[in-house]
Amino acid sequence: MNRRRWLIHLVLRALAHRKGRTLLLLAVLAMASSLATALGIVSSSMGNRVAEEVRKYGANLIVIPESARLDIGSGGLNFGVVSEPAYLQQSLVEEALLKSGLKAGVSFHLRGALHMKDADVMVEGVNFSDIRRLFPWWQLRGNWPQVGETVVGNDLASRMKLKVGDMVELAGIANKRELRISGIVTSGGEEDALLFMALPELQQTLGLGGLVTLVRLMVTAGGDTLKTSAAALQMLIPTAKVTEVRQTARTSEGLLAKVKLLMLMVTAVVLVSAGSSVAGTMSTTVLERGKEIGLMKAMGGTRWEVMLIFCGEAAMLGVLGGVAGYLFGSVIAQFITRTVFSASADFIPWFICISLGVSLFLALLGSIGPMISVFRLDPVRSLRGE
Amino acid sequence: MSSAIIETNGLTRSYGDICALKPLDLLVPEGEWLSVMGHSGSGKSTLMNLVGGLDRPTSGTLRVGGEELLALNEDGLARFRREFVGIIFQQHHLVPYLTAVENVMMAQYFHSVPDEAEARHALERVGLGHRLKNRPGELSGGEQQRVCIARAIINSPKLLLGDEPTGNLDNKSTVMVMELLKELRAEERFTVIMVTHNQEVAAWGDRTIHLDDGVLVREDRLKVEGKAG
Amino acid sequence: MAILYKLIPHLLSWLGILLVLLRGFPVRRTVVTVTGISGFLLGVAGALLLFRAFQGATPFWIIKSSLGVGFLCLWGVSVATVYCSTGRGAMLLWGERFATGSLSAGAVTGITAIVAGAVSACKIPGADGNALAYMALVLSACALTGLAPLLEKLLPASFKVSPSGMLATLVALLLFSSSSILRLDLFSPLSMKVMKGIHDFVHQFMESILIPDHLFVRPVVWKYIGFLFGKEVGFWGGIVIWFTPAILIALAIHFERLPSVAHIRQGAQRRRLLAAAIRERRYRLFIPALALLIFAAAAYQSSFPSVEYWDPKPLPVTATPSGEIIIPKRGEVDLEDGKLHKYIFKQGEREARFFVLMNPAGELTVDLDACAICKPDGYGQAEGTVICYYCKTLIPLETVGKPGGCNPVPVPFAERGEGVVIDSMTLINSWGATVKATVRAKEGAK
């Protein structure tokens, strides 16, 4: 058996001897490092997500009625809510677009509530061909609808127990309509709770001919040109508000920043308390094991060698705590992103280094005081039991 | 007996105002079994700690095995202890979470490298071949003291120090332990210094010195072997 | 003095070389010191003579080759060390004789010092008229040689150097010293050679095995094959070749057998010897580890050279209605100053980067900012060469304007009056064809 293996063996034996205390320390270290890891994972993966979503929307503009607050975005990007119905003239926007000469993919959206089986559902009227072009990431089970057909968001479908092929009856202010469900759509965003039908049909049903609530524009331009085209369009449609999605994404960034700040504070508190509890527990342990330390010194261990054994214990705790903390932290991160952002966190393997680092740092930092007393301990007095 | 293994000159140790050891001149030839007697507080433990390199004298000279202990620093003393001295304690001081073999290997670790086969052999020599994997808590007092002896002799020290090694043992165990020490000494030829207040135990030695209040008061040279069990 | 600052890496390696040599030949200190300094001076003088005797790249080639030979020797020694470490005894004996012999001490020191001197001399620009700089180099090297024995005494005694470890460190220090000089650098050419080697091999292999048809090779396979053509493969291959000798030597020491202690009866004595042997072996590992570190530093310096390339931002140019691009020789920029002048020409969606450069022979050349084999990462100019950023190949200015290899692709042009005239269509098409070919080659789909 070589010296290194013996040291590890010794450390494991000593830790196993005091199971309760070892578990307590492990739990403390794991908790602290898991929080730090979770913080890192959440901010890194959600930061990526926000950036990615902004990128996915590309150079994107939305046109909304002046008075409306709106509900746009998907998944992690819930930018706002509809407060009161306000509408835009579809033809007005089309005209303005033509006049501005912008090259843009356009998608018109009308949103309203329809009565279905004693309940109101949110229905969005769209042109399905535009949708397929502009939102290629929507996943569809079934087929895109023909005339007299509709697609249902995944969440809504499971809530209302709807299947492909079912007939639904939707009642609006103006008239009633019976539609066949041709497909179920999953976008990972709030569209999952909506029912989609062709724009003209919804306009008819709601009695809102030629009106829309939202226009999405995919302008193929970047940076400054987007701002200028937004401004140009704004001039042409004074009754509406033209916004860059890039701007609205800041709301989500703000949410992320708040969550990060909160986690940072919690982590700081936990780190400090974990550090002090490690220090406390370690110094009790060292006090209790005074005779053992004295014995080691009497047997001929130098002060450094004896200290190495105890540092080894702290390091072992740190490593174990770090691994546990990484696993636990990934779970916490998953939980937070699910509840707060309703998206899943990335699995980031190299965060184990951060987790290990935090845990080791805490374990060793907390042991500095006890280690000094180990170093100084006088073998004669400790063996006598003083 | 060839040369002196321990040579002290005006050895003094005081703790603040209390003088635990008055100036002491002592000469221990190599291979001798020296018993140190005295009631508690007489300075016999202090003497042992000084000779074993666990403590530093206040003044005087202390040469053990040709090494001037006063000249050594803390780590140098530790090295001296691991190479030169084996210690047997009254309370055994075994590490509670290690088995008998591992307790012996601990001494090997500090000395050089652990060697399990050799540690096992040492325990077999002290008659504990059947209790290798037991923890100290599962061993009787006599057995624990034998583990302690195996640990003390594993690095072939020149000097074996016993601090009331039989203080916690019953008569039968005491005799067994002393017999064992005698046998081992015959084989390994180490010098023994044993602190005790038991007249019978002291009688196992070649020579007995009596300390009182830090002063050497009497010295007996015993020709007769102690009582055998 | 700026030149001393530039010489710091070389002087540091020289000090390191001396320390290692002094430790490696503990009984031959005088031989090492004397041979060391005379060898260094000889190296500097030799480099000067070479610069006088040959023009252009030849002196660099000679010194670079000697470095390369040194590296190959290290490979040989490392393999021999591994081989010998399995059959103990022979090597130890040989090593002992090696370490104490005055001939070996002199030879190793002399060769190392000559190469070190020559490499350091290469750092000083221009063979003539820089006498002051040479003086500074020689004087500081002498001072360091005087200092080294004193410093060596301060090193802890447990710091032992085995012959193979010493060789590894010496070669590592020489390569570290040379890696800061673009034309002596070995690591980048090494990784380029590996890249090209793999490239050629795959080509040959594919052509002999898979012809007549590529239909059997699915796109996925092509993706992997394409990976083999990338810069990364060359880099990692180079890393492996670069570090293996030092790692082998370290492994040989790590797995060296411990002395037999079975015959010693007393356990404590046996263990004491064993522990001492283990400790001593661990100390001997320190030197190969140090060599590894130095190798890493050399590779880093070679990958991220501190040399600043002259790389101007491409100036946009336009064509006349007749499709000609006219660049005046003396306008805002002086085309005939011997520097790289980059331009970018855009026509609708298509664009082309090119540069105008006057080569040392005094002829103007116009070339694409891309070569026929690499991705079009472009070129930069430094120390009498241009460098391809993608494969780090150095192209001497003399050969710029000639086609082939990684040379920039020449563009036909005419000198008319006070300007250079290039046909825009030819330029655009030439760029298009070159870039298309190289990009496709990189992706592996023929």
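The set of residues from region C:330-374 being assigned to a loop (DSSP other than H, G, I, E, B) and surrounded by 19 or more Cβ atoms within 10 Å (Cβ to Cβ) comprises C:L340, C:I373, C:C374. Looking for something touching a residue at least 12 places away in the same chain (Cβ under 8 Å), of a type outside the set (A, V, I, L, M, F, W, C) and within 22 Å of C:G417 (Cβ to Cβ) - is there at least one such residue anywhere in region C:344-358? No, region C:344-358 contains no residue that is touching a residue at least 12 places away in the same chain (Cβ under 8 Å), of a type outside the set (A, V, I, L, M, F, W, C) and within 22 Å of C:G417 (Cβ to Cβ).
The residue that is modelled with the lowest pLDDT, counting only those in region C:210-265 that are among the small types (G, A, S) and in a helix (DSSP H, G or I), is C:G226. Residues of region A:132-159 that are among the aliphatic types (A, V, I, L, M) and closer than 24 Å to A:D118 by Cβ: A:V151, A:V152, A:L156, A:A157. Checked against (1) more than 20 Å from the chain's Cα centre (by Cα); (2) crowded, with 17+ Cβ neighbours inside 10 Å; (3) among the charged types (D, E, K, R), B:E83 passes all but condition (1). Scanning region B:118-131 for residues that are part of a helix (DSSP H, G or I) and either under 21 Å from the mean Cα position of the chain (by Cα) or facing chain C (nearest Cβ under 9 Å) (or both) yields a total of 7.
For region B:1-116, which strands (runs of 3 or more DSSP E) that fit wholly inside it have 1 or more residues that are within 14 Å of another protein chain (Cβ to nearest Cβ) and among the charged types (D, E, K, R)?
Where strands (runs of 3 or more DSSP E) fall fully within region B:1-116 and carry at least 1 residues being within 14 Å of another protein chain (Cβ to nearest Cβ) and among the charged types (D, E, K, R), they are B:4-15.
Of the helices (runs of 4 or more DSSP H) lying entirely inside region A:303-384, those containing at least 2 residues that are within 14 Å of chain B (Cβ to nearest Cβ) are A:303-336, A:368-376, A:379-384.
The values are calculated or read from the model by the stated rules, or taken from the named source; none is laboratory data. Values in this document were obtained by computation on a predicted structure and should not be read as measured data. Please note: Cβ atoms are built from the backbone with ideal geometry, for glycine as well, and neighbour counts cover all protein chains shown.
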